[in-house]
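Q: Right, I'll just put the structure down here and ask away after.
The values are calculated or read from the model by the stated rules, or taken from the named source; none is laboratory data. For clarity, every value in this text was computed on a predicted model and none was experimentally measured. All Cβ positions, glycine included, derive from the backbone under ideal geometry; neighbour counts span all protein chains shown.
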C-alpha cells in the first residue's frame, strides 16, 4: 500500500491540490486509496480468466453428481401427474390440461350460405345456363343502351356557357365537379365490395358493364369541365373537388364510409348505394334538366339525359338485387339510410350549392328529393316516408323512354339493334312474304 502511495497519479493529484493553494500537510491516507476497489476488481477478473484457461487434469472431476432420489430415465416430455396434486383441485386441473379449447366465435349473423346471391358458386365462370332471368334481362337492357362520349356534340355549348351569368356558371361547374368525382367512388364500391361478395354470373355481367358505363360518365363530365373552364387553376380545383370543395367531400365521405364498413350486411350496402345512385344524383340531374327546359346547353343536357337514364337502370338493378336477398335489413334500418341520404342531398342543393343560383326554387327542390326517396322506398319493397308529390313536371318525362327526335341527334331511348330481341326474332328465314 505504501508503494501505491508513491504512484504518479497520487503525485499529480497532490501537485494539483498544491497549485490550488490547499494545505501541503501530509494526508492521513495515500491519494491512491480511493482507487483500491477498482484495482481489486481487475485482479479478480484476471485470476478468473487464468482459472478458466488452465488445463484440466481429469475431466471426470468436472461432472456433477446426480441428486439423490431423482431418476429421469424414460421420462422425457412426460406431462406431470395430476393424481394427488393439491395445487389446483383435481377436476379443475384435468379440465385445463386435457379438455380441448373451443374457438371463440362472434354472435350469430345471417350466414352467407343462406343467401343465394352470396353462396359460393363453382360454376360462376360460365354464363349459361341462365339461373336468374330477371337479372340477366337487366344486364341486356344496359348493354342495349351503350353510348360513348363521341356521340355528344358540344359545339354550341361554349357560346351558351359564355352567355350565362356568373352565378349560373358557378353552379354548373360545381355540379359537374361533383359528378366527375362521384362515379369513381361508385366504381370503387363495385370493385371492392359487390363484385367480391356476389357469386352469381348474371350479376357479375351487370357489375362489369356498370363499371364500364361509370367510366364513360366520369369521362363525359370531365370533358365538359375541360371544355367550359379555360383557367387551368380553376380546372384543377374542380377536378380535385373531393379535396377542395367541402360540400362535395361531405357526400363523398358518406359513400366511402359504406365502402369501408366491414360490419354492414350486403343488404345494407345495396340500400346505401341505391341511395347514392337514386338520391345523391337526383337533385343535380333535375337542376341540369331545368337548363334544358330553358333551351340552354344542348350538349350538357343531352349527356345528362344519357347518364340519367343509366343511373335509373343502375338504381333499379340495386333494388332488384335487394329483393333477391333472404336476410333483408329491417324497414327501420333502410329508412335511416334513406333519410340520411335525403338530408345530405337537400343540404347540398339548398345551402352549400343552392339551386336558386340558376333560378330554381329551393323549397321545391327539397320536395323533389323527398319524392325521389319515396319512390326508392317503394322499389325496395317498403312504404313511403315523406308522402309528397313531384313538384317538377319536367322531370316526369325523364326515364328510360325518352322523346328526343331521332333525326336531330341520337335519341336517349335508342337501343342498339338486336340486343334486346329474342333468338327467334333474329332467325333467318326464306319463307317470308314480300
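Q: In the range 203-223, what residues are over 22 Å from the mean Cα position of the chain (by Cα) and either buried (at least 20 other Cβ atoms within 10 Å of the Cβ) or closer than 14 Å to residue 122 by Cα (or both)?
A: 220, 221, 222
Q: What single numbered condition from (1) surrounded by fewer than 23 Cβ atoms within 10 Å (Cβ to Cβ); (2) in contact (Cβ under 8 Å) with a residue 24 or more places away in the chain fails to hold for residue 249?
A: Against the list (1) surrounded by fewer than 23 Cβ atoms within 10 Å (Cβ to Cβ); (2) in contact (Cβ under 8 Å) with a residue 24 or more places away in the chain, residue 249 comes up short only on (2).
Q: Further, regarding this structure: Tell me, which residue of the range 228-238 that is part of a helix (DSSP H, G or I) and touching a helix residue (DSSP H, G or I) at 6+ places or on another chain (Cβ under 7 Å) is surrounded by the most Cβ atoms within 10 Å (Cβ to Cβ)?
A: The residue in question is 238.
Q: Hey, another quick one. Which one is surrounded by the most Cβ atoms within 10 Å (Cβ to Cβ), of the residues in the range 282-294 that are within 19 Å of residue 227 (Cα to Cα) and modelled with pLDDT under 90?
A: Filtering first and then ranking leaves 291.
Q: Could you list, in sequence order, all residues of the range 141-172 that are under 35 Å from the mean Cα position of the chain (by Cα), assigned to a helix (DSSP H, G or I) and more than 29 Å from residue 318 (Cα to Cα)?
A: If the condition is that a residue be under 35 Å from the mean Cα position of the chain (by Cα), assigned to a helix (DSSP H, G or I) and more than 29 Å from residue 318 (Cα to Cα), then 167, 168, 169, 170, 171 are the ones that fit.
Q: If you don't mind, there's one more thing I want to ask. Pick from 120, 99: which is under 28 Å from residue 211 (Cβ atoms), exposed (fewer than 12 other Cβ atoms within 10 Å of the Cβ) and either within 25 Å of the chain's Cα centre (by Cα) or modelled with pLDDT under 80 (or both)?
A: Matching residue, one of 120, 99: 120.
Q: Let me ask you something else. Need the failing condition index for residue 338 against (1) surrounded by fewer than 21 Cβ atoms within 10 Å (Cβ to Cβ); (2) in contact (Cβ under 8 Å) with a residue 12 or more places away in the chain, just the number.
A: Evaluating residue 338 over (1) surrounded by fewer than 21 Cβ atoms within 10 Å (Cβ to Cβ); (2) in contact (Cβ under 8 Å) with a residue 12 or more places away in the chain leaves (1) as the failure.
Q: Go through the range 181-210 residue by residue and tally those that are modelled with pLDDT of 90 or more and in a helix (DSSP H, G or I).
A: 10
Q: Is it true that some residue in the range 349-367 is out of contact with any helix residue (DSSP H, G or I) (no Cβ under 9 Å at 6 or more places or on another chain), within 27 Å of residue 270 (Cα to Cα) and at pLDDT 90 or above?
A: yes
Q: Quick one: is residue 332 at pLDDT 55 or above and closer than 29 Å to residue 114 by Cα?
A: For residue 332, the condition - at pLDDT 55 or above and closer than 29 Å to residue 114 by Cα - is met.
Q: Could you check residue 247 against (1) within 30 Å of residue 169 (Cβ to Cβ); (2) modelled with pLDDT of 90 or more and say which number it fails?
A: (2)
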